[in-house]
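Just so it is clear, none of the values below were taken in a lab; they were calculated from the coordinates. Remember, it's a predicted structure, so these values are computed and weren't measured experimentally. When we count neighbours, we look across all protein chains shown, and the Cβ atoms used for this are built from the backbone with ideal geometry, even at glycine.
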Amino acid sequence: MTPQQLIPELPAQLARRQGVAQLLTTVSQSLNIPSSRYDEANKRYDTLTKLLEDCPRLAELKPRMFPQGSFALGTVTRPLNGEEYDLDFICHLLAAGYTVHTPRNVYDLLFKRLKEHGTYEEMVQLKNRCVRVVYANLFHMDITVAVSNPLCPNGGLLVPDRELHNWKESHPAGYVAWFKERAVLVPRFRLLEKAYEQRHIALSGQTDPLPEEHTQGQGALRSMIRLFKRHRDLYFENRSDADFAPISIIITTLAAHAYEHAVATQVFDSELDVLLAVLHGMPNFISLELDRDTNQYVRVVANPTTNGENFADKWKRGPAYQLAFADWQQRALADFSRLAELEGRDRLQESMRGLFGTRDTDPAFGVQTANLNAQRLQKAATLTPLVSAGAKGLVNAAGLPIRRETDFFGAA
C-alpha cells in the first residue's frame, strides 16, 4: 500500500503534508514537456543527425549527436513565457583533435552546413558556444560542438569557452549517467499509523517508491527539480538581480547531491519532507577551492564526472551570484514549508499560484478534486455501515469507525 492510498486514514497534519505533496507532483507533471512535443523533438533530432552525417566535410570528423542537459536528464521545464522549449545537444566530432581544430573552425563548419541547407537557412543562428536551430513556437535546439579529451580517463569531452577561443573540460554523457543513478534512489518513510478506537495498524519497515523514473521526466528527484526551476523563474522574474539567478545545472547538481544524501541518511514522514530535506541540504554541496588562475579561493559546483568543470564558474566575477543563490534557496525553503501550514484549499491554491503560476496550479487542484470525488464514490460503494446500540456512531464491517471526509486542508 502506498502513502497516497493511506492518506484518508493518516493523522490530519500528515495527511495535509501528503496532500500538498500530491498537488506539487501534479504541478510538476504539467511543467514537463508534453509527450507530443517530446516525440516531435526526437524526430527533428534524427533528421538533423542524418543531415550532419551526410555532410562530406563533417563526415571526415565522424560527428556523433546526443542530447545533453534537461532533455537528456528528463527535467525539461515549460518556458515561463511562451511555448518554445530549450533543448540542448552535443555534436561530438570523434575524429577531431583539440590541438588541430579550434573551436571557431568547427563552429563555422557546423553553422555553414546548416545555413547552406534550404530547410534550415532561416532557422539557424550562431550563438555563444552553440549553433541554434529554431522550430518556431515548438522548441529550439542548441548544438554544442565537442572533441575528445585525451586527459580524461572517464571519456570526457572538451567544449568551447564562451569566446570560442579555447577548449574547456566537460562530460555531458557522464553527468547524465551520474544523475540517473541518483534519480532511481527511493526514500524511506517512517511508520505510517492509523488508530481508530485503540485499533493500531503499523506498516513496519515498508518502503513505498515514488513515481517510477523514465526518460520523459518521472521520479521524485526530477519532479522537485522542475518545481525548483519554476520557483526560481518566478522569484527572479521582476527582480533587479535577475541576471544573477542560479542556472539550472547548478540547481540540478546540488539537488541530486542533496537527494542522494537525504535518502541515505534520513527516514521521512511524507514526500513533502523529502523535498524540504533536499532544499535544506543543497548549500552543503557547494565547495570552497583554490583557483589555479587567480590563486584565490572560489565557490565551486563541480561536474562530478570530470576534472576542471565548475558549473559556478561565473561566481568568480563577484559575490552577486552566490548571494542570489542563497537568497533564492532560503526563500524557496520558506515558501515550500509554508504550504503545509495553510488551512483551506483557497489559501493553498492562491499561495501556489504565486509560486508556480496560475496556468499550472489551477489544473492541479482540478485533478485533485476529481480524484477525491472518485475515492469517495469508491469508498461509499465498498463500506457496509452497521449500527449497534452501544456504538458511538457508525462503524464499518471491520469494526472501524467511519471518519468524516475532508479534503486534507481543514475543509470538509
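Here are the numbers for the structure shown:
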{"quantity": "Two-site label geometry, residue 42 and residue 317: point separation in nm, points 7 Å out along Cα→Cβ", "calculated": "3.8 nm"}
{"quantity": "Label-to-label distance, nm, for residues given as residue 119 and residue 350 (7 Å Cα→Cβ offset)", "calculated": "5.2 nm"}
{"quantity": "Over segment 1-128, relative contact order from alpha-carbon pairs under 8 Å, at least 6 apart, %", "calculated": "19 percent"}
{"quantity": "In segment 35-179, lysine pairs closer than 18 Å at Cα, eight or more apart or cross-chain", "calculated": "7"}
{"quantity": "Cross-link partners of residue 379 among lysines (Cα-Cα below 18 Å; sequence separation of 8 or more within a chain)", "calculated": "194"}
{"quantity": "Long-range amide H partners of residue 80 with built H, under 5 Å", "calculated": "none"}
{"quantity": "Among 261-272, 50-61, 166-177, 68-79, the order from most to least packed when residues are scored by Cβ within 10 Å on average", "calculated": "68-79, 166-177, 261-272, 50-61"}
